[in-house]
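The values are calculated or read from the model by the stated rules, or taken from the named source; none is laboratory data. Since the structure is predicted, the reported quantities are computational estimates derived from the model, not experimental observations. Reconstructed Cβ throughout: ideal geometry from the backbone, glycine too, with neighbour counts over all protein chains shown.
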């Protein structure tokens, strides 16, 4: 059994598709590409989060960076000098935290990042580190790796 559309119906579908494409192109030409930046301000922060701008300007970037993403992602495009502390893919949080201890004991502020705004892993890892009371100030980065990428601090490798 074959499905055949009448010629008139097919013509109408092509006209509609053409109008949709034209409207999309016109909108793109008038408005430009969509804004995909990670907005950050006091109203958008969850408790325990910090904006990248605060870290870079007010903290003079004098922090220990913790990557809470999967090991493969950290190895591929993690922030240079960051430490891996995660629970993804069965990683041992305790073992990774023990390995990170020498850097954490420097007394610097700690910023934990994961993939993007919706990722709750960084908040959870930051809380777990705070629970150990190893460092005085541990925050999750609002926007995560995506905010770092948009700021030009990390490159996505193919």
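At pLDDT below 90 and on the phi > 0 side of the Ramachandran plot - does that describe any residue in the range 58-70? Looking through the range 58-70, at least one residue is at pLDDT below 90 and on the phi > 0 side of the Ramachandran plot. In the set 92, 105, 82, only one residue is more than 20 Å from residue 140 (Cβ to Cβ) and modelled with pLDDT of 90 or more; that residue is 92. The set of residues in the range 68-112 being under 21 Å from the mean Cα position of the chain (by Cα), closer than 25 Å to residue 56 by Cβ and assigned to a helix (DSSP H, G or I) consists of 73, 74, 75, 76, 77.
So which residues in the range 120-158 are part of a loop (DSSP other than H, G, I, E, B) and either over 17 Å from residue 72 (Cα atoms) or touching a strand residue (DSSP E or B) at 6+ places or on another chain (Cβ under 7 Å) (or both)?
Result: 120, 132, 133, 134, 135, 136, 137, 142, 143, 151, 152, 153.
Results for (1) surrounded by 15 or more Cβ atoms within 10 Å (Cβ to Cβ); (2) outside the structural domain of residue 63 (by TED's automatic domain parsing); (3) over 18 Å from residue 59 (Cα atoms), shown as yes or no for each residue.
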position	(1), (2), (3)
115	yes, no, yes
122	yes, no, yes
127	no, no, yes
132	no, no, yes
135	yes, no, no
139	yes, no, no
146	yes, no, yes
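Can you tell which of 22, 43 is assigned to a helix (DSSP H, G or I) and either touching a strand residue (DSSP E or B) at 6+ places or on another chain (Cβ under 6 Å) or modelled with pLDDT of 80 or more (or both)?
Working: 43 fails: assigned to a helix (DSSP H, G or I).
Testing whether each residue is assigned to a helix (DSSP H, G or I) and either touching a strand residue (DSSP E or B) at 6+ places or on another chain (Cβ under 6 Å) or modelled with pLDDT of 80 or more (or both) leaves just 22.
Being more than 22 Å from residue 143 (Cα to Cα) and without any contact (Cβ under 8 Å) to a residue 60 or more places away in the chain, is that true of even one residue in the range 31-51? Yes - at least one qualifying residue is present in the range 31-51.
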